[in-house]
Amino acid sequence: MKNYDQFLAKKLITAPAVGLSDVPPLNPMLFPFQRDIVRWALRRGRAAIWADCGMGKTPMQLEFAQHVPGDVLILAPLAVSQQTIREAGKFGIVASYARKPDDIAQRITVTNYEMLEHFDVSRFAGVVLDESSILKAYDGKTRTQIIESFSKTPFKLAATATPAPNDYMEIGNHAEFLNVMSRTEMLATFFTHDGGNTSQWRLKGHAESEFWRWLASWAVMLRKPSDLGYSDAGFILPELEIRQCVVESGAEAQDGMLFEMPAATLQERIAARRSSIEDRVERCAEIVNTMPNDQWVVWCDLNAESAALTKSIIGAVEVKGSDSIEHKEQAMADFASGKARVIVSKPSICGFGMNWQHCANMAFVGLSDSYEQFYQAVRRCWRFGQKSKVRVHVITAATEGAVVANIQRKEADAERMAENMVKHMASINESNIRGTERMRDEYRTNVTEGKGWTAYHGDCVEGVQSMPDNSIDFSVFSPPFASLYTYSNSTRDMGNSKDDEEFFEHFAFLVGELLRVTKPGRLLSFHCMDMPTSKARDGVIGVRDFRGELIRCFESAGWVFHSSVVIWKDPVTAMQRTKALGLLHKTIRKDSAMSRQGLPDYLVTMRKPGVNAEPIAHTAADFTVDEWQQLASPVWASANGEYTDGFLKLCGPYSGDRCGIDPTETLQRDEARDQKDERHICPLQLEVIRRAIRLWTNPGDLVLSPFMGIGSEGYCAIQMGREFAGIELKASYYRVACDNLRRAEQSQRDLFTGCEEAA
């Protein structure tokens, strides 16, 4: 039991702590929530702080770096580096700015992302990514360089207010940087896609709670201190007023149109912006110049807008991409100190990381389609610490309606996503960071009994462990396979295995226990099929020998491979259901080297070594020669005709035209399906179970199914005069299984009542 408990604990998908075991006292200048977050991050060693703008990410980053045992490199957006140095001085932390290794003067070095290639990162024991969401703004090569460069760095911190502004997928960038899990692994573990659109991923239904638990094990998300149970004093945002000003575009109506039409395509939107530059700049200059004593941030999207705005606005300082680093840093420093009244730039240049709470006026003269850039730009001024009402003017052309609508849609999506992230992570974050007690998911068990049957609700390994040695006459079941969060989120669910190795390690606990409880010389049958592989999941299109892997697992535990039968399946039905490339007719016309046969089911039977003390002897009435020849066939075909009543058929010999397996003869499954299940329940065909029980048990024998599902094996066993024990982990399946077992018990009772009346 101890080994099994340790294995289950290992199956939990969490990020282990690799940081400091003993964190020293932290800077008293930090707010309580900031100190607790830093303490948690230092214990983690590799962590993410997703705190809204103005929550003090910079001092938290610096305090984290202060206690890392070794040199630390802080990467920040341009000009934010100098701001970080100034913040360090306020908190009594010594840090220096460097553009190349020769400039390094202190243990904590601050530089901007563009300078990374000049540094030997192996010398640093820690790295901090300031505004870490900026990673996705870079091309794949640079992003990969950052992730790979620090793959072996012991201490890592990533901080941003927008980890995933519109898409959970972007969280993968942080997970990969922090060595938690690659983006590909994250998608495979927690997400799935429907239909042919492989770019649209969604959280698996049963993975949702585990995804948030996993996320909160290495990241903290908060938009205000009260999200973690702290006081919001000093962190109340002032009023935000956004005014939209629409000007005519200046473009002529398209041929056949009386009026200008809103731009739809990217090219049309760019054309609309260019044709309306003069009018939008004039309107902005009019607004800004009428308030000559106030500071302003003016955002633009095109170089032509930037130049025209600087020329039209009194006291404007322009910061553009082609400017030298020195000019950019000086211009932003002058604006922060009040020397410059108006700064004109693009959100992609100055929109991340700057603390401009001293300014309460802002204008956008044109928008891109990036909501994150818009949000970050607004947050330069509208942030905790701002004392005044913030006014934002959005000046667009009449034909740019599609851009504005797109930003508004993304804003609503981002707001919902942020609220969702805080809601799901808050209680776990609070317990991790504040050390408070948190309610844990309870593992519940139950037992239901009837005449000749017992159903266990719980873990099949623990259920079989509780059974006496040599007590089971026969077992029949369908084992699961590694398929994360398909039917539940429990670590006790063998299907919830991140790979085949973990699945078979889990399955081996059961196989060994099944050997112990089975009587010597008796049998066990499992139903399975080989598994098709895919390019996306497995790297190659082919077929995996799941049957053979299961047989070898049983053999390694001491079982003897007894027999195997192929159960025919219709390849046309499989093709229609799966759209498998190898089964499509077009494939044989294109390249038959990729064509294959359909995949059958198997009924594999294993034997426990030893002498069977209670022989299973059948009379000639039980099995005719013809029937035995059909059942002894290594292939069981599908049914040719309709079945008569299932139980009555068992009372007499099979007829030659009704010897097959009807794939539709299964127990009702719909009422057991959970709304979050990713696949339909696939109950085992009743005729397969009947044949196995008839062949390999005596009346009154005890039949076991460790994966009871909705009770198919027990349903047949009870109707055939055997006793049954079943184990099922999933509550909804367990309830339906108990109902089915009661139905079987009632039909058995009705049968004997009818026989007594006839006599």
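Data for the structure
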| item | result |
| --- | --- |
| Whole-number D in µm²/s for segment 11-228 (Stokes-Einstein; Kirkwood sum over Cα pairs; 10 °C, 1.306 mPa s) | 89 µm²/s |
| Order of W50, W201, W453 - criterion: other Cβ atoms within 10 Å of each residue's Cβ, fewest first | W201, W453, W50 |
| Distance violations [Cα-Cα > 31 Å] among K100/K311; K586/K730; K535/K569; K90/K339; K136/K498 | K100/K311; K586/K730 |
| Long-range tail of P(r) for segment 62-127 (Cα pairs > 17 Å, %) | 31 percent |
| FRET efficiency estimate (nearest 0.05) - Cβ-Cβ, S182 to D294, R0 56 angstrom | 0.70 |
| FRET efficiency estimate (nearest 0.05) - Cβ-Cβ, R416 to D739, R0 30 angstrom | 0.15 |
| Relative exposure of S345, S312, judged by other C-beta atoms within 10 Å (fewest first) | S312, S345 |
| Fewest-first sequence of H562, H457, H174, H618 by Cβ atoms within 10 Å of each Cβ | H618, H562, H457, H174 |
| J(HN,Hα) series, segment 660-665, from Karplus relation 6.51 cos²θ - 1.76 cosθ + 1.60, nearest Hz, glycine and proline x | x, 9, 8, x, 8, 7 |
| Selection of GluC sites (Glu not before Pro), segment 99-155, meeting DSSP coil and at most 10 other Cβ within 10 Å | none |
| Span-like helix ranges in the chain, DSSP H, alpha carbon extent 24 angstrom or more, Kyte mean at least 0.0 | 500-517 |
| Segment 240-425: C-alpha gyration tensor shape, a/c 1.5 cut-off, then a/b vs b/c | oblate |
| Burial order of peptide ranges 85-95, 381-391, 4-14 (average beta-carbon count within 10 Å, highest first) | 381-391, 85-95, 4-14 |
| Segment 446-758: Cα Rg divided by the 2.2 N^0.38 Å rule of thumb | 1.01 |
| Long-range HN-HN contacts of V317 with modeled amide H, under 5 Å | V342, I343, V344 |
| Top positive-direction residue, dipole computed over segment 446-758 with Cβ charges, set N470, G542, F526 | G542 |
| A363 long-range amide H proximity, modeled H, under 5 Å | V297, V298, W299, H393 |
| Share of Cα-Cα pairs in the chain lying beyond 37 Å, as whole percent | 55 percent |
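Just so you know, all these numbers are worked out from the coordinates, no wet-lab data involved. Note that the coordinates shown come from a computational prediction; the quantities given were computed from them, not determined experimentally. We place every Cβ from the backbone using ideal geometry, glycine too, and count neighbours over all the protein chains shown.
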